[in-house]
Every structure is written in structure tokens, then in C-alpha cells.
Amino acid sequence: MISLSNINKQYGKQLVFIDASFQLNPGEKVGLVGPNGAGKTTLFRMIVSEESPDEGEVTVPRKITIGYFRQDVEEMKGRSVLDEAIAGSGRVGDLHHELEDLQHAMEDPERADEMERILERFGEVQEEYEHLNGYALEAQAREVLHGLGFKDEQIDGDVGLLSGGWKMRVALARVLLGRPDVLLMDEPTNHLDIESIIWLEQFLKSYSGALLMTSHDREFMNRLVSKIAEIDQGEVVVYSGNYDFYERERAIREANQQAAFARQQSMLAKEQRFIDRFRTHAAKAAQVQSRIKALDKIEKIELPKKRQVVKFQFRVPPRSGEQVAIIEDVHKRYGSRVIYNGFNLTVRRGERWAVMGRNGAGKTTLLKMIAGAVAPDSGTVRLGASLTMGYFAQQSLDVLDPDLTIIEQLQRDFPHDGLGSLRTLAGAFQFSGDDVDKKIRALSGGERSRLAIARMLYNPPNLLVLDEPTNHLDLATKEMLVEALKDFEGTMIFVSHDRMFLRGLGSRVLELGGETGIEPPQVYPGSYVEYVQKMGHEAPGIYH
């Protein structure tokens, strides 16, 4: 279907692709992986002709349609969310809006002299619209938008009033509604909650076209893809299996390459010793020259490039009292919407509470009340004795000084610690080498999140309150964080849409709102894994 043959691509001195080839076949679901800057977005942009290779050929059949979901969303305003979602859904979306314009024209008395032409065009458009099953489009659009977490009042409301994250969901709905032959998706789960992620997973499972996607969500990738295409040192290497298979197979290939490298180095050393020993012996001159020529012709095996993640070990936090947070008869509402109505909960030392719930159920509100950022309307939220709290939310990024570099920020935060320790901390959160000299103002949202978490965990508090801590973290950093937090001796209460994070850390589950979103909070004393087994679903309102 789509093929890239012998592609070369260079930006300045940086070689992105070197004689790389890749093929996406009809109906395949492929995960695209590689470190930051490897060329994943460049590959997408070449497929949609936004960039061209320096050498080589990109072949895309003329008749196929491509939907491309990307992280940068264009300006959206002047339409309802529903109309904005329909607008990008290919030919049928164009016809939907032309029909609307023609209906307005038919009602305009100033265009009465054009009526014959308008009616004729209306008939043509309506016939094609019916043929493409257009009258089912609005219902499909509402279904997709509901699946992505929108409520009816949002769907019919002004798209211009939405935050950036919600506009990303509208852009995603637009691509899905187009039902293209090929879907290119760059981190589609970044701005979604767990309910929407699971809905998208089911949607893409039943999608019959080809899918090429990047994702930092291991579970999402594992459940969808049957192939992994890794961009590795300028080449595209394909593995036939899901992400777990790719990791195992890559480790085997690395071990084999390491062994082959060691064998070749041993052989080369032996040959070199012979050459050095007999270089001046006339009787051996022919043999020496023969071996020198043979060595020159040997294709040298390279040592596999190691992608080691620096391990991060917690310092032991001070011990807190037995009761960490006591919530008694808490009431909270926003306008007419009741969030909590006489809510009670006690969080004890060492517990790790995963807070679950649909959008609007009150997850972030609860974390803000515990952190003291929001007060209940009535009732009390009391913190226990000997507590130090670390609170991570998106607002945590505001405490970073944009004029400092990463290492300067860490040195200012921890003036009594050595440069080596701070570099190790930075390395654990994927800031290695010259990265530590980057100005904070130049960092992406994901990089700022990593730095904010690193600062919070270096001298760990004994209560961690975390609101979506894994947003924008790549898989390697996320796995390091989960492993580090498993050894954390304090108390945690967190909201996360990442199932690896939930499964690895949730020892208690608080479900807010239930299936309908308005049911009383439910406490499950077991782990997240036990919660899933007992409830038969991975998030409130998601049943299989």
C-alpha cells in the first residue's frame, strides 16, 4: 500500500534516515517507536507529502485516503464542537456543510433570483450525501464525541471555548469520523482519560483500515498492534509482534550482536598480533600482506547502542503518623453540579490510593482539597501528624524558573548536594549529557513535567498527591518511575490514566461516580488489579 524505499533524510549535520525502507500494508496495525528525535514525525510527514526525502522514494497510491492526527492543533472557533468534528471528516463532511450553506441560501430573500441554481445544486449535493450515508454522520459524530468524553452540552457548545486538551479530542474525533483507508496517529492517548482511552482502543480494534501510530502507552500499543517498526540509527527495523514481543526480541538481537562483536574483536586482535609479530620477517611478508588485505575487507560489526535508563533510588522519607488524611462529611458543588455530598474517607500510612472516575466525577477536586488548593463547601479535610506533602499537578510547572538551565534549577533547589548526584537525578529522568544545559523556557511540556517530578522526588515527602504524573512521559521514564515508586515508603493518592501505573502502584481504589457518574463514592480495599477482576472493567462505566 504505502512504501518508503531507500530513504535518506538529513537536517543540517543530523542524519535522520540512511537508506531506510518500510512498507505499510492494507489492514495492518503498526506501532512506530524510537527515541526522541529519531524521525517518527518526519516519517509521518513524508507519507502525507509535507516533507520529501533527500533521496529515495515514497509511494502512496492515489486513491487511498489518509487521516493524520498530530499533536499540534490548528485554531478552532466559530462552530459548535459537533460541526467542527464533522468538518474534517472527508468528502461527506464537506457535503454536510455545503448542504447547511445551501439551506441558508434558500431562506435568504435577497438570493431569490438565484433560487433555480441553488435548488439544482441542493439536489446534486443531497443525492451524493445520501449515497455516502451522510444522514447517519451526525449520529456517528455524537457517538465518537461521547466516546472521547464529551457531554451533550459540550457537543452543541462553541468549540472556541474549549481548552487545548479538549480541542485535541475534537481533532481526534475529526480524523476518526473520516474513516480513512490509512490512519497515522501521533500519541493519540496523550490528552485522554482512561475511559476515553479504552473506548478508542475498542474503536481502533474494529477499524478495518491500516494504522501506523506512536504511543507512550504500553497497554494501548500491546492491545492494538501486530507489528512494531523501530527507527534505529537511521534504519527502520520491523518486528512481527506487539510491544512486549518487540522488547524481548530486541534484547535477544542485542545479545546476539554483542556476542558477534566480541567474537569478531577476538579474531581481529589475533590477526593483528600475527601482523605485528611477523611484519618485519621477509619469509612471512606475503602472509602478512594477505592478512592485512583480508582485514580491510571485513565488514566490522558495531557494538549495539545501549539505551540504558538510569535507575533512581529514593531516599527514605520521614515517617508520618498512622492517619495521613481524614475527610469527614465533605460537601462540594460547582454551581448546580454536586461533586461531593457528605463524603468520608481515611487515608492511612503506606496506602496507595488510585482515584478512578469519569470526567467531572471530582478526582482532581479531591486531590486539590487534600493538597489545600481548594476548600470544601462544608465538612473537614485534616492532615495527620509529621506530614510533608509533595503535590504534582500541571500547575506544578509554574514553580520552575524559565531563565535557568535544568542543572541550575536543581543546584538552586538542592544547594548542598554535589553536581554528580544532581546529574544522576537528571539522567534518571532522561536529561543526559548536554541536555542539562537547556534553558527551562525551551523545554517541551513533557520535559517540564519530568523536571518537576524529579525535583519533588529527590528529597521525597512522606505523602505524594499526584494528578496525572505520567502525562507526556515516554515509556522508559514511566517504567523507571513505577519501579522507583514501588519502593517508596510513604503514602500516595493519585489520579492516572496509565494502566501500567495503576496496576503497578494502586493498593486501594476509590471509585467516584460509578457507571452513571453520579453514584456515591465506592471504596475497594484491594489493589487495582483486584478491582478490575472483581468489577469486570478497567474504569467506571466501561464494561465488556
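The values are calculated or read from the model by the stated rules, or taken from the named source; none is laboratory data. Just so it is clear, the model here is predicted, and its values are computed rather than measured. Note that each Cβ is placed from the backbone with ideal geometry, even for glycine, and that neighbours are counted across all protein chains shown.
Output the residues belonging to the range 24-52 that are among the acidic types (Asp, Glu) and under 13 Å from TYR68 (Cα atoms).
Of everything in the range 24-52, just one residue is among the acidic types (Asp, Glu) and under 13 Å from TYR68 (Cα atoms), namely GLU50.
Got a sec? Which helices (runs of 4 or more DSSP H) wholly within the range 53-139 have at least 2 residues that are within 31 Å of the chain's Cα centre (by Cα) and over 22 Å from LEU172 (Cβ atoms)?
Those helices (runs of 4 or more DSSP H) do not exist here; none qualify.
Just to check your reading of the model, which residue among LEU95, LEU119 is free of Cβ contacts under 8 Å to residues at least 60 places away in the same chain and either among the aromatic types (Phe, Trp, Tyr) or touching a Gly at 6+ places or on another chain (Cβ under 9 Å) (or both)?
On inspection, the qualifying residue turns out to be LEU95.
From the set of residues in the range 109-163 that are of a type in the set (S, T, N, Q) and loosely packed, with under 13 Cβ neighbours inside 10 Å, which is modelled with the lowest pLDDT?
SER163
Quick check: anything in the range 275-285 touching a Ser or Thr at 6+ places or on another chain (Cβ under 9 Å) and farther than 30 Å from ILE194 by Cβ?
No, every residue in the range 275-285 fails to be touching a Ser or Thr at 6+ places or on another chain (Cβ under 9 Å) and farther than 30 Å from ILE194 by Cβ.
Could you say which residue among ALA454, ALA476 is farther than 23 Å from VAL347 by Cα, assigned by TED's automatic domain parsing to the domain that holds ASP413 and crowded, with 22+ Cβ neighbours inside 10 Å?
The conditions single out ALA454.
Among the listed residues SER89, SER52, SER80, identify the single one that is of a type in the set (Ser, Thr, Tyr) and free of Cβ contacts under 8 Å to residues at least 12 places away in the same chain.
SER52
Considering only residues that are within 15 Å of ARG315 (Cα to Cα) and in contact (Cβ under 8 Å) with a residue 40 or more places away in the chain, which ones fall in the range 418-435?
THR424, LEU425, ALA428
So GLY234 ticks every box in (1) modelled with pLDDT under 90; (2) buried (at least 22 other Cβ atoms within 10 Å of the Cβ); (3) more than 25 Å from VAL81 (Cβ to Cβ) but one. Which box is left unticked?
Going through the list (1) modelled with pLDDT under 90; (2) buried (at least 22 other Cβ atoms within 10 Å of the Cβ); (3) more than 25 Å from VAL81 (Cβ to Cβ), GLY234 breaks only (2).
Identify, from the list MET369, MET356, the residue that is surrounded by 11 or more Cβ atoms within 10 Å (Cβ to Cβ) and touching an Asp or Glu at 6+ places or on another chain (Cβ under 6 Å).
MET356
Among the listed residues GLN264, GLN313, identify the single one that is among the polar types (S, T, N, Q) and either surrounded by 11 or more Cβ atoms within 10 Å (Cβ to Cβ) or over 30 Å from PHE488 (Cα atoms) (or both).
GLN264
Kindly indicate whether any position in the range 502-512 is of a type in the set (A, V, I, L, M, F, W, C), over 24 Å from MET369 (Cα atoms) and under 22 Å from the mean Cα position of the chain (by Cα).
Checked against the condition, which is being of a type in the set (A, V, I, L, M, F, W, C), over 24 Å from MET369 (Cα atoms) and under 22 Å from the mean Cα position of the chain (by Cα), the range 502-512 yields no hits at all.
Answer yes or no: is there a residue in the range 291-309 that is assigned to a loop (DSSP other than H, G, I, E, B), at negative phi and at pLDDT 90 or above.
no
Can we say ILE228 is modelled with pLDDT of 90 or more, outside the structural domain of VAL48 (by TED's automatic domain parsing) and either within 30 Å of LEU24 (Cα to Cα) or touching a strand residue (DSSP E or B) at 6+ places or on another chain (Cβ under 7 Å) (or both)?
The answer is no for ILE228.
Filter the range 29-41 down to the residues that are touching a residue at least 24 places away in the same chain (Cβ under 8 Å) and either over 17 Å from PRO188 (Cα atoms) or not β-branched (Val, Ile, Thr) (or both) and list them by number.
Residues satisfying the conditions are LYS29, GLY31, LEU32, GLY34, PRO35, ASN36, ALA38, GLY39, LYS40.
Name the pairs: first residue in the range 223-245 and acidic (Asp, Glu), second residue assigned to a helix (DSSP H, G or I) and surrounded by fewer than 19 Cβ atoms within 10 Å (Cβ to Cβ), Cβ to Cβ under 6 Å, at least 6 apart or on different chains?
Taking only residues 6 or more apart or on different chains, the pairs are ASP244/ASN222.
Output the qualifying pairs, or none if there are none: Cβ atoms under 7 angstrom, residues six or more apart or on different chains, first residue in the range 377-395 and assigned to a strand (DSSP E or B), second residue of a type in the set (D, E, K, R).
Here the result reads GLY379/GLU328; GLY379/ASP329; THR380/GLU328; PHE392/ASP467, each pair linking the range 377-395 to a residue that is of a type in the set (D, E, K, R).
Please verify whether VAL374 is out of contact with any Phe, Trp or Tyr (no Cβ under 7 Å at 6 or more places or on another chain), loosely packed, with under 13 Cβ neighbours inside 10 Å and either assigned to a loop (DSSP other than H, G, I, E, B) or among the charged types (D, E, K, R) (or both), treating the condition exactly as stated.
For VAL374, the condition - out of contact with any Phe, Trp or Tyr (no Cβ under 7 Å at 6 or more places or on another chain), loosely packed, with under 13 Cβ neighbours inside 10 Å and either assigned to a loop (DSSP other than H, G, I, E, B) or among the charged types (D, E, K, R) (or both) - is not met.
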